[in-house]
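*Asks:* One structure coming up, written as structure tokens, with questions to follow.
The values are calculated or read from the model by the stated rules, or taken from the named source; none is laboratory data. All values reported here derive from a predicted model rather than from experimental measurement. Quick reminder, even Gly has a Cβ in these numbers, built from the backbone with ideal geometry, and neighbours come from all protein chains shown.
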Amino acid sequence: MENTNTFSVGDIVTLKSHPLFNKKIKKIACFPAHVPPLMLIKEVIFELKDKKQIFSNEIDKAQIADLVKYHCVFFNTNKSVFEVKTIYHSLLESYKELKYYKESDESKKVFSDKKLIVEVLNYKNVFDYLYGDVVQFKTKKLEQRKSYESTFEKIPGNTYQTPDFILSGIKNEPQIDLYYKNGDKKRIISSQLYKVMWFNHFQQKFSEEYLPKEFFVKGLEIN
């Protein structure tokens, strides 16, 4: 097993169980609260092969962990806060394979909304910081475009859709503790963090948080 990473800081991922990975393009037919969030990679962490137990001691060839894991960030809409979860590489998939349902008014044919994936792929990940600018979390459109079967579309659930944010600060991320003593790479982090502000409806206050600059895009319209 090689100690290499597939995903980078700012990449959009989700659990492999996401219903939009289904080969058939269709509306989501499960409770909205059961659909995992789209997340952004905040940090890549490499484990040392001789220090990490990858396979079970009890069952032969049964993998129980990876040499690569990630700190993944998503927006908890119900609490209006960012959440960070650590997840192994083998449990994640890129958003590029998501298949969005869309129905044409003329032909009533169902097809994959490739334009959305292409649009997100073309996001300009790095832009010049300007205090007071309005920016968006990279997953906003992807979360907004999910379509549910009529049975589930009115059932409340966490959409993970973010508000727009205001740039309110910036700082460099110290590039320390990036390598093990033997020279192997230990972790990958962003070089710079943007502080963003939003209205936290749950706590009825204005919240702020520093996050990697790779998480945000600007100048987008939400349809």
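*Asks:* So, in the range 174-213, how many residues would count as being surrounded by fewer than 15 Cβ atoms within 10 Å (Cβ to Cβ), touching a Ser or Thr at 6+ places or on another chain (Cβ under 8 Å) and not in a strand (DSSP E or B)?
*Replies:* Residues that pass the stated criteria total 4.
*Asks:* Another question, if that's okay. Quick one: in the range 35-78, of everything that is among the hydroxyl-bearing types (Ser, Thr, Tyr) and either in contact with a helix residue (DSSP H, G or I) (Cβ under 9 Å, 6 or more places away or on another chain) or under 25 Å from Leu193 (Cα atoms) (or both), which residue is modelled with the highest pLDDT?
*Replies:* Across the range 35-78, the extreme among qualifying residues is Tyr70.
*Asks:* A follow-up question, please. Are any of the residues in the range 148-163 within 24 Å of Ala33 (Cβ to Cβ), of a type in the set (Ser, Thr, Tyr), in a loop (DSSP other than H, G, I, E, B) and more than 20 Å from the chain's Cα centre (by Cα)?
*Replies:* Checked the range 148-163: at least one residue is within 24 Å of Ala33 (Cβ to Cβ), of a type in the set (Ser, Thr, Tyr), in a loop (DSSP other than H, G, I, E, B) and more than 20 Å from the chain's Cα centre (by Cα).
*Asks:* So, one more: If you go through the range 177-207 one residue at a time, how many are touching a Phe, Trp or Tyr at 6+ places or on another chain (Cβ under 7 Å) and β-branched (Val, Ile, Thr)?
*Replies:* Adding up the residues that qualify gives 1.
*Asks:* Only residues that are closer than 21 Å to Cys30 by Cβ and either at pLDDT 90 or above or in a helix (DSSP H, G or I) (or both): list them for the range 100-140, please. Working first, answer last.
*Replies:* First, pick out the residues of the range 100-140 that are closer than 21 Å to Cys30 by Cβ: 100-103, 110, 112-113, 116, 139.
The answer is Leu116, Thr139.
*Asks:* Please work out which one of (1) within 15 Å of Val9 (Cβ to Cβ); (2) surrounded by fewer than 17 Cβ atoms within 10 Å (Cβ to Cβ); (3) within 11 Å of the chain's Cα centre (by Cα) is the condition Val73 fails and give its number.
*Replies:* So the condition that Val73 fails would be (2).
*Asks:* Tell me which residues, restricted to the range 16-34, are at pLDDT 90 or above, crowded, with 17+ Cβ neighbours inside 10 Å and either touching a Lys or Arg at 6+ places or on another chain (Cβ under 8 Å) or not in a loop (DSSP other than H, G, I, E, B) (or both).
*Replies:* Pro19, Leu20
*Asks:* Let me ask something else. Which condition does Ile41 not pass, out of (1) surrounded by 12 or more Cβ atoms within 10 Å (Cβ to Cβ); (2) assigned to a loop (DSSP other than H, G, I, E, B), if it passes all the others?
*Replies:* (2)
*Asks:* If you don't mind, there's one more thing I want to ask. Taking the range 1-13 as the region of interest, how many residues are modelled with pLDDT of 95 or more, within 26 Å of Lys61 (Cα to Cα) and hydroxyl-bearing (Ser, Thr, Tyr)?
*Replies:* To start, the set of residues in the range 1-13 that are modelled with pLDDT of 95 or more comprises 7-13.
Filter once more, keeping what is within 26 Å of Lys61 (Cα to Cα): 7.
Okay, now just the ones that are also hydroxyl-bearing (Ser, Thr, Tyr), so none.
Number satisfying all stated conditions: 0.
*Asks:* Still on this structure, I have one more. Has the range 60-70 got at least one residue that is in contact with a His (Cβ under 7 Å, 6 or more places away or on another chain) and either assigned to a loop (DSSP other than H, G, I, E, B) or aliphatic (A, V, I, L, M) (or both)?
*Replies:* Looking through the range 60-70, at least one residue is in contact with a His (Cβ under 7 Å, 6 or more places away or on another chain) and either assigned to a loop (DSSP other than H, G, I, E, B) or aliphatic (A, V, I, L, M) (or both).
*Asks:* Next question, about the same structure. If you go through the range 142-154 one residue at a time, do you hit one that is among the acidic types (Asp, Glu), surrounded by 15 or more Cβ atoms within 10 Å (Cβ to Cβ) and farther than 30 Å from Lys49 by Cβ?
*Replies:* Looking for residues that are among the acidic types (Asp, Glu), surrounded by 15 or more Cβ atoms within 10 Å (Cβ to Cβ) and farther than 30 Å from Lys49 by Cβ, one finds at least one in the range 142-154, hence yes.
*Asks:* Ok, one more. Could you list, in sequence order, the residues of the range 6-63 that are without any contact (Cβ under 8 Å) to a residue 40 or more places away in the chain and among the small types (Gly, Ala, Ser)?
*Replies:* Those that are without any contact (Cβ under 8 Å) to a residue 40 or more places away in the chain and among the small types (Gly, Ala, Ser): Ser17, Ser56, Ala62.
*Asks:* Among the residues of the range 155-173, write down those that are at pLDDT below 95 and exposed (fewer than 12 other Cβ atoms within 10 Å of the Cβ).
*Replies:* Selection gives Ile155, Pro156.
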